[in-house]
Amino acid sequence: MTEQSRSYQIGDLTLEIVEGDITTVDTEAIANAANSALWMGSGVAGAIKAAGGVSIEEEAVSRGPIEVGQAIATSAGRLPFRYVIHGAVMGPDLRTNGDLIAETTRSCLQLAEQLGLQSLALPAFGTGVGGFSLTRCAQIMIGAVKEFADSAPQHLHRVVFCLFGAAAFETFVSTASQVLA
């Protein structure tokens, strides 16, 4: 896959949209699109577990369950990150909605800020296993990042949406052009 990238400036925060593998992105931490029980099955969670090792899942599950919309941080196993932030975007039924995606995005951003991280990569929450609309997800998540940037974070100055496939990349880029105009 050919990696594509676009950047946007929102105050002191740089928002990047890239097409690529979230387990190889150049950030201090990555977010996992988790379920509230924190077990890691398929999709983004499965890719993170495959690349980083089962220890990530074991640590996450030992800290759960958590409320849908909340986030916790674990070590990153074999991955080169300081943390994996597990955002519970769905419950055990593996379904989600716009409110949960917004709340989970905010929780991940706030946790990264609390951890003193300067950079975080996020996937498109809820669009895989959760079956949520990619366009609506982009609107919600980009809006949440804009809201976060407007709150003048002390540490987190780079947020990367790391997306799987050209269609997801193009959807987030066209949505960013509208939301951030």
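The values are calculated or read from the model by the stated rules, or taken from the named source; none is laboratory data. All figures in this text were calculated on a predicted structure; none of them were measured in a lab. Heads up, the Cβs are rebuilt from the backbone with ideal geometry, glycines too, and the neighbour counts pull from every protein chain shown. All accessible areas refer to the heavy atoms of the entire protein, side chains included, with ligands and DNA or RNA removed. Shrake-Rupley method; radii C 1.70, N 1.55, O 1.52, S 1.80 Å.
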(request) List the relative contact order of region 56-164 as a percent without decimals, with contacts defined as Cα pairs under 8 Å and 6+ residues apart. (result) 25 percent
(message) With the crude spin-label approximation of a point 7 Å out along Cα→Cβ, what separation in nm comes out for Thr14 versus Ala152?
(response) 2.2 nm
(request) Rounded to whole Å and ordered largest first, report the semi-axes of the equivalent ellipsoid of region 60-181 derived from its Cα gyration tensor (root of 5λ). (result) 21, 18, 14
(request) Based on a Kirkwood Rh over C-alpha pairs, give the Stokes-Einstein translational diffusion coefficient of region 1-124 at 37 °C and viscosity 0.692 mPa s in µm²/s. (result) 226 µm²/s
(request) Over region 99-167, consider all pairs of different Cα atoms and compute the Kirkwood hydrodynamic radius from their mean reciprocal separation; express it in Å, one decimal. (result) 12.4 Å
(request) Amide H neighbours of Thr127 under 5 Å, at least 5 residues apart or on other chains, H built in the peptide plane: list them. (result) Phe132
(request) Would you mind telling me the share, in percent, of accessible area of the chain contributed by carbon and sulfur at probe 1.4 angstrom? (result) 49 percent
(message) Run the helix sum for the chain: -39,500 (n - 2.57) per DSSP H stretch of 4+ residues, divided by residue count, reported at 222 nm to the nearest 500 deg cm²/dmol.
(response) -12000 deg cm²/dmol
(message) Considering all projection directions equally, how large on average is the shadow of the alpha-carbon convex hull of region 133-172, in square nanometres?
(response) 3.0 nm²
(request) Sort His155, His86 from largest to smallest accessible area, using a 1.4 Å probe on the heavy atoms of the protein chains. (result) His155, His86
(message) Could you report the accessible area of Glu59 in Å², rounded to 10, computed with a 1.4 Å probe on the protein chains as they sit in the structure?
(response) 60 Å²
(request) Of the DSSP beta bridges with both residues in the chain, give the percent that are antiparallel, rounding to the nearest 5. (result) 35 percent
(message) Leaving out ligands and nucleic acids, and using a 1.4 Å probe, what accessible area per residue does the chain come to in Å²?
(response) 43 Å²
